[in-house]
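Everything on this sheet refers to the single structure shown next.
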Amino acid sequence: MSSTTFRTALSAASAEGRLLRALGAVNAMAARVASDCDFDALWVSGLEVSTAAGLPDENVLGPRDLADVVAALGRVSDLPVIIDVDNAGGSAPTAARFATDLARAGAAALCLEDSGYPKVNSFALHREQQLADPGLMRDQLKAMRDAAPEMVLVARTEALICGEPLAHALQRAVLYAEAGADAILIHSKDASGDQARQTAAAWDGRCPLVTVPTAFPDVICEELAAAGFTLAIYANQMSRVSYAAMTAAANQFTINGSFTSPGAPPLAPVQDLLRVADRSARACV
């Protein structure tokens, strides 16, 4: 799906009070699952891509790393791809490069956050998150718009993550919307979901509101839509469930010497793997 089509879908969902759902997809298998399970978009997470490559989630990824993932997803899915570009290298020129290269790769949207360089994962305890100057974020958004005029830009503020009051987060969000962002994401790690609800209630609706409910997974889609969110990003659940299943399977094998012993996680048929890339594939196992 093109950036223009995704922008139209986002605007329509906002006007109608519907919630679009994006699923984190670090590879073609996750993209196939998202397509088959009727998600509306794919999310390329900086955490997932970094982890899959054995890299820390600390501004180590470049545009080419992300573009390779976009190419893999596009082989099996037509869903729009939203790219987590973190703080896009911490400058306007690097942000412009991310926008140019990922537009060419086929991304429909980019999500830029106002974390200080080098970035810190929003839920990390081993390092302290810092906010970038809002003027830098404004300059980055403008540079990205100039570099890729059709790209959907999601501006994400980490103000609440850093302990700033909601009023400060909203000030940043308004500035980013005025700088050209098509949607706003005010990130929260409040496990109750109350902070997210308060954020939605306080937002003036000048552009669609996005949420990443990683910290409040019990708040279901219907509640998020009713609160006023237009897009929910389920950013890393597929990697987490995969890691948990792989660990459980390997532990059961260590204990029992078989991947099919009682209590072991179920194995997908080999045919399912073949059919990720070739829907007509068949296998005997």
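The values are calculated or read from the model by the stated rules, or taken from the named source; none is laboratory data. If you're wondering where the values come from, they're calculated on a predicted model, not measured in any experiment. Positions of Cβ are backbone-derived with ideal geometry, glycine not excepted, and every protein chain shown enters the neighbour counts. All accessible areas refer to the heavy atoms of the entire protein, side chains included, with ligands and DNA or RNA removed. Shrake-Rupley method; radii C 1.70, N 1.55, O 1.52, S 1.80 Å.
Looking only at residues in region 63-106 that are open to solvent by less than 40 Å² (accessible area, probe 1.4 Å) and touching a residue at least 60 places away in the same chain (Cβ under 8 Å), which one is farthest from Ala232 (Cα to Cα)? This residue is Val76.
Applying the set (1) surrounded by fewer than 20 Cβ atoms within 10 Å (Cβ to Cβ); (2) more than 22 Å from Ala148 (Cβ to Cβ); (3) free of Cβ contacts under 8 Å to residues at least 40 places away in the same chain; (4) of a type in the set (Ser, Thr, Tyr) to Thr8 leaves exactly one unmet item: (2). The residue that is farthest from Ala148 (Cα to Cα), among those in region 107-131 that are assigned to a strand (DSSP E or B) and open to solvent by less than 20 Å² (accessible area, probe 1.4 Å), is Ser115.
Residue pairs whose Cβ atoms lie under 8 Å apart, separated by 6 or more positions or on different chains, with the first residue in region 224-239 and over 16 Å from Val49 (Cβ atoms) and of a type in the set (Val, Ile, Thr) and the second open to solvent by 30 Å² or more (accessible area, probe 1.4 Å) and assigned to a helix (DSSP H, G or I), are Thr230/Ser14. Any residue at all in region 13-29 that's in contact with a Lys or Arg (Cβ under 7 Å, 6 or more places away or on another chain), in contact (Cβ under 8 Å) with a residue 24 or more places away in the chain and more than 24 Å from Gly135 (Cα to Cα)? Yes, region 13-29 contains a residue that is in contact with a Lys or Arg (Cβ under 7 Å, 6 or more places away or on another chain), in contact (Cβ under 8 Å) with a residue 24 or more places away in the chain and more than 24 Å from Gly135 (Cα to Cα). Of the set (1) at pLDDT 95 or above; (2) small (Gly, Ala, Ser); (3) assigned to a loop (DSSP other than H, G, I, E, B), all apply to Ala96 but (3).
Collect the residues in region 24-42 that are open to solvent by less than 30 Å² (accessible area, probe 1.4 Å) and out of contact with any Ser or Thr (no Cβ under 9 Å at 6 or more places or on another chain), keeping them in residue-number order.
Within region 24-42, Ala41 is the sole residue that qualifies.
Cβ-Cβ distances below 8 Å connect the following pairs, each with a first residue in region 171-196 that is over 12 Å from Val210 (Cα atoms) and in contact (Cβ under 8 Å) with a residue 40 or more places away in the chain, a second residue that is open to solvent by 50 Å² or more (accessible area, probe 1.4 Å) and assigned to a loop (DSSP other than H, G, I, E, B), and a separation of six or more residues or different chains: Lys189/Phe123.
Pairs are defined by a Cβ separation below 6 Å, a sequence spacing of at least 6 or placement on different chains, a first member in region 39-62 that is over 19 Å from Gly89 (Cα atoms), and a second member that is in a helix (DSSP H, G or I); the pairs so defined are Leu42/Ala31; Leu42/Ala34; Leu42/Leu73.
Restricting attention to region 274-282, does a residue exist that is surrounded by 12 or more Cβ atoms within 10 Å (Cβ to Cβ) and in contact with a Leu (Cβ under 6 Å, 6 or more places away or on another chain)?
yes
Only a single criterion out of (1) over 28 Å from Arg32 (Cβ atoms); (2) out of contact with any Lys or Arg (no Cβ under 6 Å at 6 or more places or on another chain); (3) open to solvent by less than 50 Å² (accessible area, probe 1.4 Å) is not satisfied by Pro134, namely (2).
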